[in-house]
Amino acid sequence: MIVRRDIELRNAERCWLLEGQSALPVVQLLEAQGATVEAGAVARLALTRPDCPDAAELEAILDRLAASPPGWAEALAAFAKAPSVERWQELMRFVPSQYLFQRHREAVRRLRALGVDGSMLFRCASEYGLTPDLIGLVEDGCVTVSTLVERASVSKGAKTAYLGLAAQAAFISGDMLGTVRLLREAIAHENEWCSVFPHVFFIRERASLEQKEMLDRGDIPRV
């Protein structure tokens with residue numbers, strides 16, 4: 001039975017990724033197997049594509065995975081009109097722990113679609129830690145360097161992550177001196193849980209030859 005489900009999943013993934021069909025069968029199979037985090041991730045990825053097939057069904061699954069209560073969409077719309085850290089805390093205060101991750105990701109995705117300022121959204125949502133959605137905000141150039149540095153200043157064990165993201169934001173904005181300075185700060189705060197590697201990789205992968213030389217002169221490691 002397990003082998004059959006694996007074959008079904010691989011076939012569904014092939015149809016989605018290689019043939020452009022709906023991701024809905026993939027999401028349904030993952031959810032049926034209890035892989036709810038993976039199911040949510042696939043649904044969110046599928047919904048980023050133009051003219052996503054079965055979009056309404058995928059949205060409904062995401063609501064179910066996040067256990068979105070009645071009136072949740074209206075609450076997000078109201079938040080989007082006047083966002084604040086305090087109102088974000090009210091939104092998330094009574095979310096059951098088993099649904100917190102999915103509800104958090106769904107809130108970020110939908111509030112971004114509603115046009116909430118990226119820096120404000122990051123400031124609110126990063127109180128619960130980093131998620132791929134928040135990292136995506138930074139990598140899309142939607143979060144200011146100052147917002148990320150501010151978050152790093154109050155972080156206990158994740159300063160490297162926030163300073164590394166700040167370096168990415170500086171790089172995206174064209175500030176190479178700031179990029180090098182922030183990477184050096186991030187390196188200084190590395191620990192066994194938090195590495196500067198993904199941030200250096202992001203920057204070096206996109207850097208010009210001249211920018212890479214600046215990184216080398218700043219003793220930023222190669223990857």
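Could you list Arg184, Arg110 so that the one with the fewest beta carbons within 10 Å of its beta carbon is first and the one with the most is last?
Arg184, Arg110
Just flag the chymotrypsin sites (Phe, Trp or Tyr not before Pro) in the stretch 85-141 sitting in loop per DSSP whose Cβ has no more than 10 other Cβ atoms within 10 Å.
Phe94
Give me the dipole magnitude in Debye, nearest 20, for the stretch 153-220 about the Cα centre, with unit charges on the beta carbon: positive for Lys and Arg, negative for Asp and Glu.
160
Report the relative contact order of the chain, percent, no decimals, based on alpha-carbon pairs under 8 angstrom and at least 6 residues apart.
10
What does the charge count near Ile203 come to, summing +1 for each Lys or Arg and -1 for each Asp or Glu among other residues with Cβ under 12 Å from its Cβ?
Value of the local net charge: +1.
Quick one: divide the alpha-carbon radius of gyration of the stretch 1-65 by 2.2 N^0.38 Å and tell me what you get.
Dividing the Cα Rg of the stretch 1-65 by 2.2 N^0.38 Å gives 1.04.
Working out 0.36 nm times the residue gap between Glu190 and Ser84, then minus their Cα-Cα distance, what length gain in nm do you get to one decimal?
Separation in residues times 0.36 nm, less the Cα-Cα distance, equals 35.1 nm.
As I understand it, the dipole of the stretch 1-73 uses +1 on the Cβ of Lys and Arg and -1 on the Cβ of Asp and Glu, about the Cα centre. Which of Gly40, Pro53, Leu9 lies farthest toward its positive end?
So the residue furthest toward the plus end is Leu9.
How big is the dipole moment of the stretch 1-65 about its Cα centre under a simple scheme where the beta carbon of each Lys and Arg is +1, that of each Asp and Glu is -1, and everything else is neutral? Debye, nearest 20, please.
200
Within a Cβ distance under 14 Å of Met120, other residues only, what is the Lys/Arg minus Asp/Glu net charge?
Cβ neighbours under 14 Å give a net charge of +1.
Please give the charge dipole size of the chain, origin at the Cα centre, charges +1 on K and R Cβ atoms and -1 on D and E Cβ atoms. Round to the nearest 20 debye.
So the dipole magnitude of the chain works out to roughly 300 debye.
Would you mind pulling out the separation of the Cα centroids of the stretch 108-156 and the stretch 78-102, in Å?
For the stretch 108-156 versus the stretch 78-102, the Cα centre distance is 14 Å.
Just need the relative contact order of the stretch 1-65 here, percent rounded to a whole number, with Cα pairs under 8 Å and 6+ apart.
27
Among the aspartates and glutamates, select those whose C-alpha is under 12 Å from the C-alpha of Lys159, and discard any that sit fewer than 8 residues away in the same chain.
Glu150, Glu185, Glu190
What net charge do the residues around Gly218 carry, taking every other residue with its C-beta under 9 Å from that of Gly218, with Lys and Arg at +1 and Asp and Glu at -1?
That works out to +1.
Please check the chain for the longest run free of GluC sites (Glu not before Pro) that are loop-located per DSSP (anything but H, G, I, E, B) and have at most 13 other Cβ atoms within 10 Å.
20-191
Can you give the alpha-carbon Rg of the chain over 2.2 N^0.38 Å, where N counts its residues?
1.14
Bear in mind that the values in this text are calculations on the coordinates, not laboratory data. Note that this is a predicted model, so its numbers are computed, not measured. Cβ atoms come from the backbone with ideal geometry, glycine included; neighbour counts cover every protein chain shown.
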